Amino acid sequence: MEPSNSVVRRFVAALNAGDRLAFFAALTSDATMSDDGVDRNLREWAEEEIFASKGHMAVQSEAADGLSLIAVNSNATWGKMRTKWRFVLRGELIGRFETGQA
């Protein structure tokens, strides 16, 4: 399924396409993120977990007006796992996202 929130939908589409420019264009310039409750360097994390390892998100469900997702994530490093995502928007961009195993 596609996320109903247009900002989150752009983020997921960019992630799935492996499109770095579109991915970072969906984020504020000072966006932050955490993985399993640990704040990470967003650019380093994205390179490792998405781009270098061919990451993909298959959204299964959403809540909170499309700002919370459950998805099956897959990449060449970790294989497949069920994950949760929470997004905080600032205008039409993502200011923070939190992900981790669900």
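The values are calculated or read from the model by the stated rules, or taken from the named source; none is laboratory data. What you see is a predicted model, and the numbers here were worked out from it, not measured in a lab. Virtual Cβ from ideal backbone geometry, glycine too; neighbours counted across all protein chains shown.
Of all residues in region 59-69, how many are surrounded by 15 or more Cβ atoms within 10 Å (Cβ to Cβ) and in a strand (DSSP E or B)?
If we filter region 59-69 for residues that are surrounded by 15 or more Cβ atoms within 10 Å (Cβ to Cβ), which is where we start, we get 59, 62, 66-69.
Next, only the ones that are in a strand (DSSP E or B) stay: 59, 62, 68-69.
The number of residues fulfilling the criteria is 4.
When you look at Arg90, is it surrounded by 15 or more Cβ atoms within 10 Å (Cβ to Cβ) and either modelled with pLDDT of 95 or more or touching a Lys or Arg at 6+ places or on another chain (Cβ under 8 Å) (or both), yes or no?
Numbers: surrounded by 15 or more Cβ atoms within 10 Å (Cβ to Cβ): no; either modelled with pLDDT of 95 or more or touching a Lys or Arg at 6+ places or on another chain (Cβ under 8 Å) (or both): yes.
Taking the combined requirement at face value, the residue does not satisfy it.
Taking Ala26, is it at pLDDT below 95 and of a type in the set (A, V, I, L, M, F, W, C)?
Against the criterion (at pLDDT below 95 and of a type in the set (A, V, I, L, M, F, W, C)), Ala26 does not qualify.
What are the residues in region 25-55 that are surrounded by 17 or more Cβ atoms within 10 Å (Cβ to Cβ) and not charged (D, E, K, R), if any?
Residues satisfying the conditions are Ala26, Leu27, Ala31, Met33, Leu42, Ala46, Ile50, Gly55.
For region 12-33, what are the residues that are out of contact with any Phe, Trp or Tyr (no Cβ under 8 Å at 6 or more places or on another chain) and among the small types (Gly, Ala, Ser)?
Ala13, Ala17, Ala22, Ala25, Ser29
Please verify whether Ser53 is among the hydroxyl-bearing types (Ser, Thr, Tyr), modelled with pLDDT of 95 or more and closer than 17 Å to Arg96 by Cα, treating the condition exactly as stated.
Answer is no for this residue.
Residues of region 75-87 being assigned to a strand (DSSP E or B) and at pLDDT below 95, which ones? Walk me through it before giving the result.
Quick first cut of region 75-87, residues assigned to a strand (DSSP E or B) only: 75, 79-87.
Residues satisfying the conditions are Asn75, Gly79.
Quick test for you: out of Glu2, Glu44, pick the one residue that is part of a loop (DSSP other than H, G, I, E, B) and either modelled with pLDDT under 95 or out of contact with any Leu (no Cβ under 9 Å at 6 or more places or on another chain) (or both). Don't jump to the end; show me each part of the working.
Numbers: Glu44 fails: part of a loop (DSSP other than H, G, I, E, B).
Matching residue, one of Glu2, Glu44: Glu2.
Spot the failing condition for Glu62; the list is (1) touching a Gly at 6+ places or on another chain (Cβ under 7 Å); (2) of a type in the set (Asp, Glu); (3) in contact (Cβ under 8 Å) with a residue 40 or more places away in the chain, and only one is missed.
So Glu62 meets the others, but not (1).
Of the conditions (1) assigned to a strand (DSSP E or B); (2) in contact (Cβ under 8 Å) with a residue 24 or more places away in the chain; (3) not basic (Lys, Arg), Leu15 fails just one. Which one is it?
(1)
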